[in-house]
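Contents: one structure, followed by commentary.
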Amino acid sequence: DQQVKQNSPSLSVQEGRISILNCDYTNSMFDYFLWYKKYPAEGPTFLISISSIKDKNEDGRFTVFLNKSAKHLSLHIVPSQPGDSAVYFCAASRMDTGRRALTFGSGTRLQVQP
Amino acid sequence: DAGITQSPRHKVTETGTPVTLRCHQTENHRYMYWYRQDPGHGLRLIHYSYGVKDTDKGEVSDGYSVSRSKTEDFLLTLESATSSQTSVYFCAIRAAAGDTEAFFGQGTRLTVV
């Protein structure tokens with residue numbers, strides 16, 4: 001039973017346009033959400049996060065939106081650049097489980113076309 | 001980059017043999033985690049540690065054991081490797097209870113033949 005779901009395995013956008021990556025979760029106990037970016041043959045790297053008490057967090061070209069009632073979050077990348085091409089993982093954590101271990105979605109492969 | 005080193009980076013082993021993967025950190029972080037990454041599953045938690053000699057199971061712990069005798073080292077052992085344990089293994093560290101971000105190592109690609 002996947003508690004964090006990324007239903008789009010892949011996404012292709014043109015350079016300069018907006019990329020929107022989506023993530024749904026089922027466990028209402030999650031209190032923190034993160035996005036990680038992963039290049040081939042490398043470990044995931046932290047990108048941006050949001051607390052469950054907020055609905056938006058922005059860092060440069062990256063914005064994460066959280067809709068708690070829908071149990072949905074999204075990552076917006078504006079403008080998209082070819083270097084953004086990678087696999088993006090959504091992750092969630094809760095204070096009382098696994099000493100804040102992360103529960104991951106299955107990932108979305110983003111390809112930004114020049 | 002966080003000071004995390006995983007070894008070996010690649011390993012091929014035979015079914016039924018024991019295998020140990022090592023995660024070494026230079027950050028003095030309290031929490032350490034082992035994940036495996038498989039297509040269609042993202043990263044799944046195998047075991048984690050919240051201090052020296054303090055470990056607990058994650059969601060896919062069957063067939064794996066861990067040990068942490070020093071703050072800097074977290075070992076993952078496959079007691080008797082099976083083909084279903086062919087995967088990419090990632091170690092992660094986190095500093096303190098209030099921290100939410102974890103930092104990952106480069107990964108170990110393990111193939112069981």
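See the values below:
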quantity	calculated
Strands (runs of 3 or more DSSP E) wholly inside the stretch B:41-84 that include at least 2 residues being basic (Lys, Arg)	B:64-70
Of residues in the stretch A:70-114 being basic (Lys, Arg) and closer than 29 Å to B:His29 by Cβ, the one surrounded by the most Cβ atoms within 10 Å (Cβ to Cβ)	A:Arg100
Residue selected from the stretch B:15-49 under the condition at the interface with chain A (Cβ under 10 Å from one of its Cβ atoms) and basic (Lys, Arg), by the criterion farthest from B:Gln106 (Cα to Cα)	B:Arg30
The one condition in (1) in contact (Cβ under 8 Å) with a residue 12 or more places away in the chain; (2) under 13 Å from the mean Cα position of the chain (by Cα); (3) surrounded by 14 or more Cβ atoms within 10 Å (Cβ to Cβ) that A:Thr45 fails to fulfil	(1)
Those residues of the stretch B:65-82 which are touching an Asp or Glu at 6+ places or on another chain (Cβ under 9 Å), surrounded by 20 or more Cβ atoms within 10 Å (Cβ to Cβ) and away from every other protein chain (no Cβ under 14 Å), in sequence order	B:Ala81
Looking only at the stretch B:1-56, and only at residues there that are surrounded by fewer than 18 Cβ atoms within 10 Å (Cβ to Cβ) and of a type in the set (A, V, I, L, M), the one that is farthest from the chain's Cα centre (by Cα)	B:Val12
Residue that is modelled with the highest pLDDT, among those in the stretch B:1-52 that are in contact with a Ser or Thr (Cβ under 7 Å, 6 or more places away or on another chain) and on the phi > 0 side of the Ramachandran plot	B:Gly16
Close pairs from the stretch B:83-96: first within 14 Å of B:Pro39 (Cα to Cα) and away from every other protein chain (no Cβ under 11 Å), partner surrounded by fewer than 21 Cβ atoms within 10 Å (Cβ to Cβ) and among the hydrophobic types (A, V, I, L, M, F, W, C), Cβ under 6 Å, at least 6 apart	B:Gln85/B:Leu78; B:Gln85/B:Val112; B:Thr86/B:Val112
Residues satisfying the stated conditions in the stretch A:21-45, i.e. at the interface with chain B (Cβ under 10 Å from one of its Cβ atoms) and touching a strand residue (DSSP E or B) at 6+ places or on another chain (Cβ under 6 Å)	A:Tyr32, A:Phe33, A:Leu34, A:Tyr36, A:Lys38, A:Gly43, A:Pro44, A:Thr45
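The values are calculated or read from the model by the stated rules, or taken from the named source; none is laboratory data. Nothing here was measured: the structure is a model prediction, and the numbers come from that model. Note that we place each Cβ from the backbone using ideal geometry, even for glycine, and neighbour counts take in every protein chain shown.
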